[in-house]
């Protein structure tokens, strides 16, 4: 059995239709930044030649992308990338990037998390209320209760980071974190299989919450970024260790 980035690759590939192939290709171009907001797509004839599909198939794919909120189609002018994306369309763009379990994509995901969630923690520290602090303290208590339960701790870890995004009260932060919820949740579940990782994460959560309590945005930002970077490093180290019932 081959393994890539710690995930089993036994699952058989599922054949997709030509329309799905068109949709996935354009989604990937948007995700990679090759088609920025308001960019005009090549003409139908050019796209047909590039993708090797019929006019009907291409139009079906473009119509689906328009329905997803990724494109706007203007009669007589062509198709354009929409400047604003909803949570669903953002998720549609980001999810395919992580479906292959590519190690580079995982590294990109973790770096994006570190940058954005660092700012989330800083804003939470600057604007938190007593009720916010009580919620974070409750999350810490939950983490201590489930420290010896890998699945429960993985779920707790995910909920802790979502709670911080809620405190920051920044709509984009919440949309971004919700859009990458599936790959992040999957990563945290795998990360929590190690007792060492669970203990390290719980200690980091405690330090981050203490910085938020003390209204120290810079420290909260730094601790959060270091925490996410450490999670990625510890996870990678775990892939090189001999497998056991539970990693120590």
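Derivation of every value follows stated rules applied to the coordinates shown; laboratory data play no part. Note that the structure is a prediction, hence the values are computed from the model and not measured. No Cβ is skipped: glycine too gets one built from the backbone with ideal geometry, and neighbour counts run over all protein chains shown.
Here the range 36-60 is scanned for amide nitrogen atoms under 17 Å from the site 7 Å beyond the Cα of residue 77 along Cα-to-Cβ, giving 36-44. For the listed peptides 104-114, 61-71, 34-44, a ranking on the average number of other beta carbons within 10 Å per residue, highest first, reads 61-71, 104-114, 34-44. Distance between the 7 Å Cα→Cβ label points at residue 141 and residue 55: 6.7 nm.
Run a plain Debye calculation on the range 107-248 (Cα atoms as equal point scatterers, no solvent) and give log10 I(q)/I(0) at q = 0.09, 0.18, 0.21 Å⁻¹, rounded to two decimals, same order as the q list. Each listed q corresponds, in turn, to -0.24, -0.98, -1.33.
Computed from label points 7 Å out along Cα-Cβ, the spacing between residue 196 and residue 237 is 0.4 nm. Placing a label point 7 Å from the Cα of residue 28 along the Cα-to-Cβ direction, the residues of the range 183-201 with a backbone N closer than 20 Å are 183. Taking every Cα-Cα distance in the range 18-84 and sorting them into 5 Å bins from zero, the calculated P(r) comes out as 4, 19, 32, 30, 14, 2 percent.
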